[in-house]
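Read through the structure below, which is laid out as structure tokens, and then see the notes.
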Amino acid sequence: MTSWTQAGWTWQGLWLAPESGTRLVVVAFHGFGRPLDEMANYLLLYPAGTAMLSVGLSHHNGSTAPKNDEPPVLRPELFHAALDSWVNSLLPEGGDRPGRALLGYSLGGRIALTLFERNPEAWSGMILLAPDGFRKNPMYRFAVETRLGRATWAWTDRHADTVRSWIRAMRRMKIIPAHLEHFALHHTQDHAMRTLVAHTWKTHRAFWPTRNGTKSAWDGLAAREVAVHAIFGSRDVIIPWSWSKPWRDFAPSQVHFLKVPCGHVMRHSDTVECIAQAILATQHESP
């Protein structure tokens, strides 16, 4: 376990280093409500000599934000600087500095996309797994970006039993599909979860990639021989493949959008193996 504090923010992390000779450092971000050690499953996607810093996102896994009446907004520039200093502190002094790559699952994919867009030269590659960030859904826009939405979420927290009964009723009347019922009930299950949702959304609201910014960042990949892989589950109904279409339309050949046979959950060993094989296949493609 490791931690880093900067400007009142503290992040907890898990540092996984090879026994000898670190050649690459992967900075990994988990999904909403997920544990730090889950990201270690994806070390299979990288060559021998890879170290991983699995970062606990703010409000998760013991990571904390500066004390405030309202959750403060984390700026990507501050987070990038903290990560840079943190990784430097974990590596031995002297010698060549290994390259650094980004890995993000679900919410962590949105974090990775934004960091890469803001400072692409700092990263030697990126893998996105079932990534958020390609589309901002209407519920998020309403709940986070409007005063009425924030008030509605606060009302929902105070009247959660009523709201959850409405969700079940909408499912019985087939107004919403089963996966949306499950998603809504999970994220409103108790006060702690509802608070985590609200704080996570508010703190990371500056972490939304833009198409123009990402296109500019991706346009420089060929000159640096850097690849980006975005992996989607063919059965994922939380973040479906279709959300990536506008981004696929401008992606250069160094950016690979891939589908593997799974849903939104990608941590199981057979799925990780499928992801590894899909990435390997892109490396063997003819230029």
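One table, with the values for the structure above:
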{"quantity": "Pick from segment 104-137, criterion part of a helix (DSSP H, G or I) and among the basic types (Lys, Arg), ranking: farthest from Gly220 (Cα to Cα)", "calculated": "Arg110"}
{"quantity": "Strands (runs of 3 or more DSSP E) contained in segment 1-85 and holding at least 2 residues small (Gly, Ala, Ser), within 21 Å of Phe116 (Cα to Cα) and assigned by TED's automatic domain parsing to the domain that holds Val228", "calculated": "50-55"}
{"quantity": "Number of the exception - Val163 against (1) touching a residue at least 40 places away in the same chain (Cβ under 8 Å); (2) among the hydrophobic types (A, V, I, L, M, F, W, C); (3) in a helix (DSSP H, G or I); (4) in contact with a helix residue (DSSP H, G or I) (Cβ under 9 Å, 6 or more places away or on another chain)", "calculated": "(1)"}
{"quantity": "Matching residues, segment 179-215, being farther than 30 Å from Trp155 by Cα and free of Cβ contacts under 8 Å to residues at least 24 places away in the same chain", "calculated": "Asn212"}
{"quantity": "Ile275, sole failed condition from (1) part of a loop (DSSP other than H, G, I, E, B); (2) in contact (Cβ under 8 Å) with a residue 40 or more places away in the chain; (3) closer than 26 Å to Leu44 by Cα; (4) in contact with a helix residue (DSSP H, G or I) (Cβ under 9 Å, 6 or more places away or on another chain)", "calculated": "(1)"}
{"quantity": "Breaking point among (1) loosely packed, with under 13 Cβ neighbours inside 10 Å; (2) modelled with pLDDT of 95 or more, for Ala206", "calculated": "(1)"}
{"quantity": "The lone exception for Leu91 - which of (1) touching a strand residue (DSSP E or B) at 6+ places or on another chain (Cβ under 9 Å); (2) on the phi > 0 side of the Ramachandran plot; (3) at pLDDT below 95 it fails", "calculated": "(2)"}
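The values are calculated or read from the model by the stated rules, or taken from the named source; none is laboratory data. The structure displayed is predicted, hence computed values, not measured ones. FYI the Cβ positions are ideal-geometry reconstructions off the backbone, even for glycines, and counts take in every protein chain you see.
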